[in-house]
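The values are calculated or read from the model by the stated rules, or taken from the named source; none is laboratory data. Please read these numbers as outputs of a predicted model, since none were measured by experiment. Cβ placement follows ideal geometry from the backbone for every residue including glycine, while neighbour counts extend to all protein chains displayed. Heads up: the accessible areas ignore ligands, DNA and RNA and are worked out on the full protein's heavy atoms, side chains in. Shrake-Rupley method; radii C 1.70, N 1.55, O 1.52, S 1.80 Å.
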2 protein chains.
Amino acid sequence: MREEFRSDLTQVGRTLVAMAEAVQVAMRHATGALLKADRTEAEQVCDRDAEIDALYRIVEDKVYDVIARQAPVASDLRVVLTALHVAGDLERMGDLAEHVAKAALRRHPAPAIGPELTSVVERMGEVADLLAGKIASALTNLDAVMAAQLERDDDEMDELYRQLFKIVLKADWPHGVESAVDAALLGRFYERYADHAVNIGQHVIFLVTGENAP
Amino acid sequence: MREEFRSDLTQVGRTLVAMAEAVQVAMRHATGALLKADRTEAEQVCDRDAEIDALYRIVEDKVYDVIARQAPVASDLRVVLTALHVAGDLERMGDLAEHVAKAALRRHPAPAIGPELTSVVERMGEVADLLAGKIASALTNLDAVMAAQLERDDDEMDELYRQLFKIVLKADWPHGVESAVDAALLGRFYERYADHAVNIGQHVIFLVTGENAP
């Protein structure tokens with residue numbers, strides 16, 4: 001029974017890693033589509049969100065199945081249900097990547113962001129990529145140290161979000177209200193993506209140490 | 001055992017209803033604080049979000065306890081885990097009410113929204129109030145018909161969100177970029193609040209009918 005439980009958890013863990021990799025790829029392409037106004041790349045992100053949703057349902061079904069078959073208690077139960085929380089955060093990160101891709105589509109063939117924002121959005125994309133990569137790695141190795149780093153990386157995302165606002169709200173912003181609003185919402189999508197990554201980091205820390213983050 | 005399980009579920013249900021009532025009150029006061037630029041009212045919303053978070057943890061602990069003690073399977077297990085999803089959506093609705101209150105605080109003593117937006121934001125607040133009230137009622141009576149109405153009410157919220165954008169993006173918008181960005185983010189907080197309400201409606205429909213919404 002115990003061995004079966006371990007093997008169930010390994011399967012759930014593998015699916016979570018696959019989800020993390022998929023949301024990493026999704027935000028990478030969404031950012032690419034945004035920066036290059038690439039319609040095909042944006043459409044692919046939207047199409048492939050269904051795959052992330054399907055992986056979420058696989059985790060959910062597996063978790064339900066494990067609880068029903070194995071009736072885990074105490075810490076085993078918490079581990080299994082934590083997987084469900086992680087999957088929920090990853091599913092939402094996929095949605096946020098799709099929102100970014102849709103923003104690129106809405107303005108196509110015009111670019112959705114002006115040249116003033118290229119470098120800050122590029123860096124937001126890089127930090128998002130780093131965060132998703134660290135999630136995959138922290139989940140693979142149950143690495144609490146790496147999971148804890150996510151919070152510091154999120155500080156950089158918050159700082160980039162503030163920079164984006166500063167640029168958009170400068171008196172000499174030349175692109176008008178609509179594109180300022182677009183940029184603010186885009187910034188929020190990246191910032192939320194990073195918040196979910198931090199949540200996942202806290203879940204991993206809990207899995208490894210059995211303790212909630214302060 | 002069976003009777004104990006029912007009584008556990010009743011307790012969880014009551015806590016969810018208390019959460020729904022708390023997020024209704026939170027968004028009501030957040031909207032009031034926004035429309036009247038009322039600092040005290042906004043601060044109360046922020047302070048009281050901790051209570052909503054505490055109710056979330058009560059549901060979570062109770063769900064874990066029920067699974068560990070009762071080892072529910074099949075549909076019983078799905079019911080218990082659905083409660084966890086509902087609590088998660090409600091917790092997030094509380095956060096969104098807090099975001100609205102914080103937006104009011106950020107501009108205080110100036111109003112966070114211009115007079116052009118008063119009526120649309122007022123209506124967004126009313127629809128949010130209606131949604132949260134229907135959640136409380138649908139959870140209390142396990143009323144799938146009322147739960148299904150949430151989707152239609154959300155259509156009105158989406159329409160209000162579009163109206164808000166139209167007003168902000170008009171060529172004669174007099175308040176500049178910063179207040180347009182503020183308004184767009186505020187609109188998004190109401191729109192997300194309504195999305196979570198729709199999620200909860202789907203969970204209630206699942207609880208009552210055993211079927212997922214299409």
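Couple of notes before you dig in:
- In segment B:112-137, the residues that are at pLDDT below 95 and either surrounded by fewer than 15 Cβ atoms within 10 Å (Cβ to Cβ) or closer than 16 Å to B:ARG192 by Cβ (or both): B:PRO115
- Here A:ALA87 fulfils each of the conditions (1) under 30 Å from B:ALA71 (Cβ atoms); (2) open to solvent by 10 Å² or more (accessible area, probe 1.4 Å); (3) modelled with pLDDT of 95 or more apart from (2).
Condition check ((1) modelled with pLDDT under 95; (2) assigned to a helix (DSSP H, G or I); (3) among the β-branched types (Val, Ile, Thr)) across all residues:
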{"site": "A:GLU3", "(1), (2), (3)": "yes, yes, no"}
{"site": "A:THR15", "(1), (2), (3)": "no, yes, yes"}
{"site": "A:MET19", "(1), (2), (3)": "no, yes, no"}
{"site": "A:ALA22", "(1), (2), (3)": "no, yes, no"}
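- When B:ALA171, B:ALA103 are checked against the criterion of being part of a loop (DSSP other than H, G, I, E, B), within 14 Å of chain A (Cβ to nearest Cβ) and not aromatic (Phe, Trp, Tyr), a single residue qualifies: B:ALA171.
- Every condition in (1) at positive phi; (2) touching a residue at least 12 places away in the same chain (Cβ under 8 Å); (3) within 13 Å of chain A (Cβ to nearest Cβ) is met by B:ASP182 except one, and the failing one is (1).
- Qualifying residue in segment A:187-206 (condition: more than 23 Å from the chain's Cα centre (by Cα) and within 14 Å of another protein chain (Cβ to nearest Cβ)): no
- Check on A:ARG78, of a type in the set (Lys, Arg), more than 12 Å from chain B (Cβ to nearest Cβ) and open to solvent by 10 Å² or more (accessible area, probe 1.4 Å): no
- Any hit, segment B:150-169, residues being of a type in the set (A, V, I, L, M), closer than 19 Å to B:VAL127 by Cα and touching a residue at least 60 places away in the same chain (Cβ under 8 Å): no
- Counting the residues of segment B:142-172 that are surrounded by 14 or more Cβ atoms within 10 Å (Cβ to Cβ), closer than 15 Å to B:HIS203 by Cβ and out of contact with any Ser or Thr (no Cβ under 7 Å at 6 or more places or on another chain) gives 6.
- Against the list (1) within 11 Å of chain A (Cβ to nearest Cβ); (2) within 19 Å of the chain's Cα centre (by Cα), the condition B:MET157 fails is (1).
- Where a residue in segment B:40-59 is without any contact (Cβ under 8 Å) to a residue 40 or more places away in the chain and its partner, wherever it lies, is open to solvent by 90 Å² or more (accessible area, probe 1.4 Å), with Cβ under 6 Å and at least six apart: none
- Where B:HIS175 falls short, out of the listed (1) at pLDDT 95 or above; (2) open to solvent by 70 Å² or more (accessible area, probe 1.4 Å): (1)
- Count of segment B:127-149 residues, restricted to those that are free of Cβ contacts under 8 Å to residues at least 12 places away in the same chain and hydroxyl-bearing (Ser, Thr, Tyr), is 1.
- Candidate set from segment B:24-75 (those that are outside any helix (DSSP H, G or I) and within 13 Å of chain A (Cβ to nearest Cβ)); member that is most open to solvent (accessible area, probe 1.4 Å): B:VAL73
- Filtering segment B:185-214 to residues that are assigned to a helix (DSSP H, G or I), farther than 22 Å from B:GLU159 by Cα and open to solvent by 10 Å² or more (accessible area, probe 1.4 Å) leaves B:HIS203, B:ILE205, B:PHE206, B:LEU207, B:VAL208, B:THR209.
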